Amino acid sequence: MREIEGRWPGVRVLPKGDSRFCRVIDRALKIITFGGQDRFLDGYVTTLGRRIYVPDSWFAMDAGERYCILRHEAVHLEQFRRFTWPGMVLLYLLLPLPVGLAGGRAWLEWQGYRETLDAHWQLYGPAAAHSGALKKGIVRRFTGPDYAWMWVLGRTIERAIARHLAYREANPPPPLEFPDAR
Ligand SMILES: [Zn+2]
């Protein structure tokens with residue numbers, strides 16, 4: 001968190017249920033996905049601007065899991081800085097084109113999940129990054145109603161994951177340093 005605060009000043013971690021905006025998104029998602037995504041409030045971390053909204057379960061989560069999620073959310077913090085709010089809304093909502101990873105939402109999320117893979121690699125080792133469960137979880141995010149569908153084929157994501165892991169075999173991410181850890 002200290003590193004994130006240094007890079008994106010003013011960032012805050014807030015409970016999702018307290019946010020009116022998140023409750024509006026929750027209702028909209030339930031309608032758009034015919035109830036397929038009904039865990040937005042209690043199962044997902046969502047970054048909007050410089051606010052990272054977390055579900056109640058966040059505080060009971062394992063520190064390593066929270067670390068990996070924050071690495072993913074940090075990608076979205078940077079995207080909001082780079083593309084600004086209007087840019088993110090345009091990319092996230094208005095360009096859900098069925099063109100694989102070039103579709104706005106899938107493209108933004110793929111950048112996040114690449115970081116998820118790297119964080120697992122660095123924290124738990126290469127075998128964890130290669131785990132079938134992690135792959136399955138990521139593929140489900142892209143092919144299911146979690147993000148109101150991204151129109152990406154499962155095998156497209158599987159190939160993208162395999163390509164990234166092959167890249168990491170040749171270019172391993174640097175070891176993690178936690179100067180404050182005791
Ligand atoms: Zn994401």
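Results for (1) free of Cβ contacts under 8 Å to residues at least 40 places away in the same chain; (2) within 12 Å of the ligand (Cβ to nearest atom); (3) outside any helix (DSSP H, G or I), shown as yes or no for each residue.
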position	(1), (2), (3)
Val24	yes, no, no
Ala28	yes, no, no
Ile31	yes, no, no
Gly36	no, no, yes
Phe59	yes, no, no
Tyr67	no, no, no
Arg71	no, yes, no
Phe80	yes, yes, no
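Pairs meeting the criteria (first residue in the stretch 103-118 and near the ligand (Cβ under 8 Å from one of its atoms), second residue basic (Lys, Arg) and assigned to a helix (DSSP H, G or I), beta carbons under 8 Å, at least 6 apart or on different chains) are Glu109/Arg141; Tyr113/Arg141. On the given criteria, is Arg82 among the basic types (Lys, Arg), modelled with pLDDT of 95 or more and within 12 Å of the chain's Cα centre (by Cα)? Judged against the criteria, Arg82 is not a match.
The values are calculated or read from the model by the stated rules, or taken from the named source; none is laboratory data. Predicted model only: the values in this text are computed from it and were never measured. Ideal geometry is used to build each Cβ from the backbone, glycine not excepted, and the neighbour counts take in all protein chains shown.
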